[in-house]
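Structure first, commentary second.
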Amino acid sequence: MKVVISVDMEGVCGVASWVQVSPPEFGGLVNGTEYQAARERMTLEAAAAAEGALAGGATEVLVNDSHDTMRNLIPELLPDGVTFTSGNDKPLSMVEGVQHPGVGALLFVGYHARAGSMRGPLAHTWNGAVRNMRINGVDTGEYGLNALLAGHYGVPVVFASGDDVAMAEIRQELGEQVVCVSVKEGLSSFAAVHLHPREAQRQIRQRAEKAVMAAKKAVPYTTRWPAACQLTFDHEARADACERVPGITRIDNITVGWESPNAYHLFQTFRMLAKVGEVRLNG
Ligand SMILES: [Zn+2]
């Protein structure tokens, strides 16, 4: 069985600020020292999940860098034998790889809560412009969008690690079959109490192994189709721009809506609208 590991950064142990997850070429934050430490810890958590997956019976592991520029992983720190992605604009973005035959499980590492979540460190959905994504009446985040897209290819989510708020959201939406590891407890939007990084990595390795061993019984995530979708932004100008896209309707001042026949259509429409909504707000 092949396994894909989607690794984000905001939910990694020790991370609580945008400074830590912003590659220095963007934002020009400090000198990048904190980013370098965080990307190393991100890679070690991905490595722990990969080792667990291999011990649990995975025959191939693809580690999919899913944060920002998607060039964060330090490949030399990954276990021998795995493959990894690097670089942004992949066909399936954060779950690139699940579309290939033989993939039996998707693992989330470093995941964070959806936009607007209380005490979820760095809680957001996709970019800073999105305030909420609602699918068939359920408010969701990157975890839900990614799980639906993986489900479109028959691949179940079996494991997740990140902050405690994200883990609660994932369990609530995706169900108890997802083995969760909370590596930190959110104190506010920009503060957390963390496990020791090596303890976080130890738990990720152990539970990823268990999760992959049980993957054959796991059920791919889905919803009712066609799905009613609503995307809410933080500013009405973003909804103005999205409203002009054919097939998109205006729901309220900051919300646009559409209907998707399947998760591939849903994911790509969301992704396009998130981009269209990235308008300058200074007129
Ligand atoms: Zn991220």
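Values in this text are rule-based calculations from the coordinates and carry no lab data. All values reported here derive from a predicted model rather than from experimental measurement. Using ideal geometry, Cβ is built from the backbone for each residue, glycine included, and neighbour counts are taken over all protein chains shown.
Give me a comma-separated list of calculated 3J(HN,Hα) values for the range 212-228, in order, Karplus coefficients 6.51, -1.76, 1.60 applied at θ = phi - 60°, integers in Hz, x for any Gly or Pro.
Karplus values, whole Hz, x for Gly and Pro: 6, 4, 9, 4, 4, 8, 6, 10, x, 7, 8, 8, 7, 10, x, 9, 7.
As a quick test, which of the pairs Lys2/Lys184; Lys184/Lys275; Lys2/Lys210; Lys2/Lys90 have an alpha carbon distance above 27 angstrom in this structure?
Values: Lys2/Lys184 29 Å; Lys184/Lys275 31 Å; Lys2/Lys210 15 Å; Lys2/Lys90 19 Å.
In this structure, Lys2/Lys184; Lys184/Lys275 lie more than 27 Å apart at Cα.
Rank-order 176-189, 102-115 by packing density, defined as the average count of other C-beta atoms within 10 Å over each peptide's residues, highest first.
The densest-packed peptide leads the list: 102-115, 176-189.
What shape does the range 186-283 have by the C-alpha gyration tensor, where a ≥ b ≥ c are the square roots of the eigenvalues, rounded means a/c under 1.5, and otherwise prolate means a/b greater than b/c and oblate the rest? Please list the in-between numbers first.
Details: a/c = 3.58, a/b = 1.58, b/c = 2.27.
Oblate shape, in that a/c is at least 1.5 and b/c is the bigger or equal ratio.
Report relative contact order for the range 1-121 in percent, whole number only (criteria: Cα-Cα under 8 Å, sequence separation at least 6).
It rounds to 40 percent for the range 1-121.
Report the relative contact order of the range 227-276, percent, no decimals, based on alpha-carbon pairs under 8 angstrom and at least 6 residues apart.
40 percent
Any idea how far apart Leu281 and Met1 come out in nm if each label point goes 7 Å out from Cα toward Cβ?
4.4 nm
Rounded to the nearest 500, what is the chain's calculated 222 nm mean residue ellipticity when only DSSP H runs of at least 4 contribute -39500 (n - 2.57) each, over all residues?
Mean residue ellipticity at 222 nm (helix-derived): -10000 deg cm²/dmol.
Let me have the relative contact order for the chain, percent, based on Cα pairs under 8 Å that are six or more residues apart.
Across the chain, relative contact order equals 21 percent.
Among DSSP bridges having both ends in the chain, what percentage is antiparallel? Round to the nearest 5.
Numbers: 22 of 46 bridges.
Given both bridge residues lie in the chain, the antiparallel proportion sits at roughly 50 percent.
Quick check: residue separation of Leu187 and Gln268 times 0.36 nm, minus the Cα distance between them. What number comes out in nm?
Net length gain for the segment: 25.8 nm.
Which ³J(HN,Hα) values in Hz, rounded to whole numbers, follow from the phi angles of the range 173-185 under the Karplus curve 6.51 cos²θ - 1.76 cosθ + 1.60, where θ = phi - 60° and Gly and Pro get x?
Computed from phi, the couplings for the range 173-185 are 7, 8, x, 6, 5, 7, 7, 10, 10, 8, 9, 7, 10 Hz.
List, in order, the whole-Hz ³J(HN,Hα) value for each residue of the range 143-151 obtained from phi through the Karplus relation with A = 6.51, B = -1.76, C = 1.60 and θ = phi - 60°; use x for Gly and Pro.
Going residue by residue, I get 4, x, 4, 5, 5, 5, 5, 4, x Hz, with x marking Gly and Pro.
Around Gln172, what is the net charge, scoring Lys/Arg as +1 and Asp/Glu as -1 over all other residues with Cβ under 12 Å from its Cβ?
Net local charge, Gln172 excluded: -2.
Please work out whether the chain counts as rounded, prolate or oblate from its C-alpha gyration tensor, where a ≥ b ≥ c are the square roots of the eigenvalues and a/c under 1.5 means rounded, while otherwise a/b larger than b/c means prolate and anything else oblate?
Oblate, because a/c is 1.5 or more while a/b does not exceed b/c.
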